[in-house]
Amino acid sequence: MVSTPELISVLASILDTDELEVQEQAVSCLLILCNRSEQCSDMVLQEGVIPALVSISVNGTSRGQEKAQKLLMLFRQQRRDDSPVETHQSPPETSDFSVPPAEMKPLCSNYSVFLKYFNFKLLPLFQHDAG
């Protein structure tokens, strides 16, 4: 069975692909995971995804840019929440990080390409566990 760190590692590595729609899919998956768990956010950050997310937020598809920006803002908000409270601290930014029902549609028209990348990265993990 694939563990959460392995899954996150695979998704993080997909961020570096040249396929913009595949990047968009990976960012969307990471955003969903990180919204639900600060522990997942920590694991994602340990993968060193910030440079890739910044790049996607500038050069990705419009949805990929939006998702990368939301994920970066989530990381910043979590860091603020974890930092000690200062006496003159400004109130935290309010952002809705939830995934609205309208976004439950397929994330890109080239979903099969994402699955190809995802399966290519995950297959060795399953084969390793079986041996």
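Residue 29 - would you say it is touching a residue at least 24 places away in the same chain (Cβ under 8 Å) and part of a helix (DSSP H, G or I)? Taking the combined requirement at face value, the residue does not satisfy it. For region 32-70, the tally of residues that are outside any helix (DSSP H, G or I) and over 10 Å from residue 11 (Cβ atoms) stands at 4. Note on region 1-24: residues that are over 15 Å from residue 70 (Cβ atoms) and either open to solvent by less than 40 Å² (accessible area, probe 1.4 Å) or assigned to a helix (DSSP H, G or I) (or both) total 16.
Assessment of region 73-86 against the conditions (under 23 Å from residue 4 (Cβ atoms), open to solvent by 40 Å² or more (accessible area, probe 1.4 Å) and modelled with pLDDT of 95 or more) yields at least one matching residue.
The values are calculated or read from the model by the stated rules, or taken from the named source; none is laboratory data. This structure is a prediction, so every number in the text was calculated from the model and none was measured. Using ideal geometry, Cβ is built from the backbone for each residue, glycine included, and neighbour counts are taken over all protein chains shown. Side chains are part of the model used for accessible areas, which takes the heavy atoms of the whole protein and leaves out ligands, DNA and RNA. Shrake-Rupley method; radii C 1.70, N 1.55, O 1.52, S 1.80 Å.
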